[in-house]
Amino acid sequence: MKFLINSGLLLAHLLLVVPPSFGASHAVEEYQLKAALILNFARFTSWPEDTFTDATAPLHLCVLGDNVLQKTFDSLSKKRIAKHPVVVTVANPLKEPASCHAIFVTGQDREQLPRMFAAIAGKPVLTIGEMSGFNDTGGMIKLFNVDGRLKFQVNIKNTQDAGIKLSSRLLKLAHSIERREAGP
């Protein structure tokens, strides 16, 4: 229980401020913050019992984007969620999105969304993206910046359709929660 409280505080702290983007170094800092948030989103997610082969099977976090993100997300490979070691894959395009437990889609990869969502339809894959309309097309958590603050929006219908449950502690921190079905 103490771990969840500390993680909750970390998540709340991370949501407070995102440095404004003035160049490449600030973009890297912003993605480091997003990587930490995504790790915490996964910590506050419950997958169906049969998702993992055993209690210590790896949790596969896939990042749909370019290799520039590799260094930013590589640090997550040293982390654990419960007893699951985190394994990070950065690829463009993702060859097997259904083998991922969580997928982060960067803003540049909108054209790959229909194929990705088709490949994971009905599977317990947490999807996080940062482009407008992400949750309307099938995404679960959309990250966005408002006045230098990182916020997130949750489409609870999409999580339920995938059999994923988000902690009420995470949902309390959401900027908004949508309960409608994703469009075409």
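The values are calculated or read from the model by the stated rules, or taken from the named source; none is laboratory data. Treat the numbers as computed from the prediction; the structure is a model and nothing was measured. Don't worry about glycine lacking a Cβ; one is built from the backbone with ideal geometry, like all the others, and counts go over all protein chains shown.
The set of residues from segment 115-134 being surrounded by 23 or more Cβ atoms within 10 Å (Cβ to Cβ) and touching an Asp or Glu at 6+ places or on another chain (Cβ under 9 Å) comprises Met116, Gly129.
Checking each residue in segment 85-111 for being touching a strand residue (DSSP E or B) at 6+ places or on another chain (Cβ under 6 Å) and at pLDDT below 90 picks out Val90, Leu94, Asp109.
Yes/no per residue for (1) more than 20 Å from Lys34 (Cα to Cα); (2) among the small types (Gly, Ala, Ser):
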{"position": "Thr56", "(1), (2)": "yes, no"}
{"position": "Leu59", "(1), (2)": "no, no"}
{"position": "Leu76", "(1), (2)": "no, no"}
{"position": "Ile81", "(1), (2)": "no, no"}
{"position": "Phe104", "(1), (2)": "no, no"}
{"position": "Pro124", "(1), (2)": "yes, no"}
{"position": "Gly139", "(1), (2)": "no, yes"}
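Scanning segment 120-133 finds one or more residues that are in contact with a helix residue (DSSP H, G or I) (Cβ under 7 Å, 6 or more places away or on another chain), farther than 28 Å from Ala57 by Cβ, of a type outside the set (Val, Ile, Thr) and part of a loop (DSSP other than H, G, I, E, B). I'm trying to understand the selection: among the residues of segment 72-100, which are in a helix (DSSP H, G or I) and without any contact (Cβ under 8 Å) to a residue 12 or more places away in the chain? Ser77, Lys78, listed by residue number. Out of Ala42, Ala57, one residue alone is in a loop (DSSP other than H, G, I, E, B), at pLDDT 95 or above and among the small types (Gly, Ala, Ser). It is Ala57. Mind listing just one residue for me: the one in segment 141-168 that is among the β-branched types (Val, Ile, Thr) and over 23 Å from Gln32 (Cα atoms) and, of those, surrounded by the fewest Cβ atoms within 10 Å (Cβ to Cβ)? Only one residue tops the list, namely Ile156. Across segment 151-173, the number of residues qualifying as without any contact (Cβ under 8 Å) to a residue 24 or more places away in the chain and not charged (D, E, K, R) comes to 4.
Tell me yes or no: at least one residue of segment 105-115 is of a type in the set (Val, Ile, Thr) and either touching a Phe, Trp or Tyr at 6+ places or on another chain (Cβ under 6 Å) or assigned to a strand (DSSP E or B) (or both). Yes, some residue in segment 105-115 is of a type in the set (Val, Ile, Thr) and either touching a Phe, Trp or Tyr at 6+ places or on another chain (Cβ under 6 Å) or assigned to a strand (DSSP E or B) (or both).
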